[in-house]
Amino acid sequence: MPKPDLLLLGPIPVAARALEAHFELHRLWEAADRQGFIAERKDRIRAIATSGSLRTDAALIDQLPKLEIIGNFGVGYDTVDAPYAAKRGIVVTNTPDVLTEEVADTALGLILMTVRELGAAERFVREGRWLTGGFPYSHATLRGKTVGIVGYGRIGKAIAARLKGFGVGLAYHNRRPVADADIAYVDTLIGLAGLVDILVSVLPGGDATYHAINAEVFEALGPEGIFINIGRGSAVDEAALVAALQAGKLQSAGLDVYAVEPCRPAELAAFERVVLLPHVGSASQHTRAAMGQLMVDNLVNWFDKGAPLTPVPETPWPR
């Protein structure tokens with residue numbers, strides 16, 4: 001039987017070989033005339049493979065009348081118009097679970113780096129400054145502190161599980177309480193920020209969370225507060241974050257994600273105690289391979305058995 005036709009929006013190296021084995025691939029990013037490329041193939045394309053850096057909007061979906069499924073490489077799928085796909089009867093899948101532990105590990109590393117100023121200390125040695133004097137004591141500690149987690153899903157719970165070993169207080173905020181949560185629930189984001197010393201955002205992207213972390217949140221967190229973002233950059237008002245740091249209304253921040261990526265955030269880089277990572281939360285070869293395989297498995301299972309493995313909430317299965 002002929003392979004189903006799949007539109008690959010951009011390179012996903014860890015999944016390329018597996019996709020080629022199961023699908024007739026059409027590599028959109030290689031086309032000089034993208035609109036012409038799509039128009040020529042529109043009646044054959046039954047699937048899309050995409051990732052968080054590539055946009056799958058209503059305009060693209062409408063160009064593909066035979067489209068059945070969109071496979072997203074990554075747990076975050078805010079660049080896919082899932083509500084519109086649902087209206088069209090198109091399934092959207094993502095890759096949860098396989099990256100949970102890796103992202104939680106990265107979050108813990110980011111917390112420790114920021115609280116103990118380990119990035120600045122490492123630069124201190126590399127730049128030869130240790131030869132002329134000792135590194136100053138870190139301003140913060142985890143001793144006696146409370147950590148708040150915004151977005152208490154799989155990753156939020158995994159972060160909390162790791163932090164329990166450090167003896168910190170823990171609390172969380174979600175739109176609604178989580179049934180199996182064993183840490184304190186706070187019913188407002190501002191309330192959580194006012195209660196904790198370190199605020200960790202695991203918020204997804206999208207309109208519902210856009211700039212949810214704003215000046216009011218930083219004000220509530222306070223001048224000794226530390227902000228960590230391992231979720232999505234769009235959930236944070238970066239201008240408000242910079243302003244809070246500049247005014248001394250926030251002690252420091254540790255970020256793995258940004259409003260625009262890739263980027264060189266000069267205003268944030270100016271703060272010695274701020275830790276900046278290049279969106280490496282799930283970026284190990286092991287985890288990225290597992291993510292790629294799950295994306296492929298979703299697509300293959302759809303065409304072989306008529307069901308996705310990990311559909312997103314907007315396109316549940318069975319319908």
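Neighbours of Leu192 by Cβ distance under 13 Å: Lys/Arg scored +1, Asp/Glu scored -1, total -2.
Taking 0.36 nm per residue of sequence separation and subtracting the Cα-Cα distance, how much length would be gained by fully extending the chain between Phe166 and Val178, in nm to one decimal?
Taking 0.36 nm per residue and subtracting the Cα distance, the gain is 2.1 nm.
For the range 100-276, the dipole from Cβ point charges (+1 on Lys and Arg, -1 on Asp and Glu) about the Cα centre works out to 380 debye, to the nearest 20. Model label points for Asp62 and Arg17, set 7 angstrom from Cα along the Cα-to-Cβ axis, are 4.1 nm apart.
In a shell of Cβ-Cβ distance under 9 Å around Gly225, excluding Gly225 itself, what net charge do Lys and Arg (+1) and Asp and Glu (-1) give? Walk me through the intermediate numbers first.
Numbers: positive: Lys249; negative: Asp197, Glu224.
That sum, taken over residues with Cβ under 9 Å, equals -1.
Given the choices (i) 26; (ii) 20; (iii) 33, percent of Cα pairs over 36 Å apart derived from the coordinates of this structure is entry (i).
On the beta carbon distance between Ala243 and Ala208, with R0 = 30 Å, the FRET formula returns roughly 0.80.
Along the axis of the charge dipole computed for the range 208-319 (Cβ charges of +1 for Lys and Arg, -1 for Asp and Glu, origin at the Cα centre), the listed residues Ser234, Leu221, Leu299 are led at the positive end by Leu299. Per residue, the chain reaches -10000 deg cm²/dmol at 222 nm when only DSSP H runs of four or more residues are counted, each adding -39500 (n - 2.57). Projecting the Cα atoms of Leu112, Leu192, Tyr210 onto the charge dipole of the range 100-276 (Cβ charges, centred on the Cα centre) puts Leu112 farthest toward the positive pole.
Here the ratio of the Cα radius of gyration of the range 1-99 to 2.2 N^0.38 Å is 1.01.
Put a dot 7 Å past the Cα of Leu118, heading toward its Cβ, do the same for Thr188, and the two dots end up 3.6 nm apart. With a ≥ b ≥ c taken as the square roots of the eigenvalues of the C-alpha gyration tensor of the range 163-224, please select rounded if a/c is under 1.5 and otherwise prolate if a/b is larger than b/c or oblate if it is not? Oblate shape, in that a/c is at least 1.5 and b/c is the bigger or equal ratio.
Give, as a single signed number, the net charge of other residues whose beta carbon lies under 15 Å from the beta carbon of Val80, with Lys and Arg counted +1 and Asp and Glu -1. Once all neighbours under 15 Å are counted, the net charge is -3. Take the Cα of Ala31, step 7 Å toward its Cβ, do the same at Ser53, and the gap between the two points is 2.1 nm. State the extension gain, in nm to one decimal, for the chain segment bounded by Glu24 and Val280, taking 0.36 nm per residue of separation less the distance between their alpha-carbons. Extending this stretch completely gives an extra 89.1 nm. So which residue, out of Gly306, Gly52, Gly148, gets the largest mean-square fluctuation from a GNM of the chain using Cα contacts under 10 Å as springs? So, out of Gly306, Gly52, Gly148, the one fluctuating most is Gly306.
When the chain is treated as a Gaussian network with alpha carbon springs shorter than 10 Å, the biggest mean-square fluctuation among Glu20, Glu267, Glu127 belongs to Glu127.
Taken one residue at a time, the phi angles of the range 117-123 give Karplus couplings (6.51, -1.76, 1.60, θ = phi - 60°) of 6, 6, x, 5, 5, 5, 5 Hz. Gly and Pro are set to x. Comparing Ala253, Thr79, Ile159 along the charge dipole axis of the chain, the residue lying farthest to the positive side is Ile159, per the Cβ-charge model.
A simple charge model with +1 on the Cβ of Lys and Arg, -1 on the Cβ of Asp and Glu and nothing else charged puts the dipole of the chain at about 380 debye relative to its Cα centre. Using alpha carbon centroids, what distance separates the range 17-83 and the range 113-185, in Å? Using only Cα atoms to place each centre, the spacing works out to 38 Å. If R0 is taken as 35 Å, the Cβ-Cβ distance between Glu314 and Glu261 corresponds to a FRET efficiency of 0.90. Peptide packing for 288-294, 230-236 was compared via the average number of neighbouring C-beta atoms within 10 Å per residue; ordered from the highest value, the list is 230-236, 288-294.
No lab work stands behind these numbers, since they all come straight from the coordinates. Note that the coordinates shown come from a computational prediction; the quantities given were computed from them, not determined experimentally. Cβ atoms come from the backbone with ideal geometry, glycine included; neighbour counts cover every protein chain shown.
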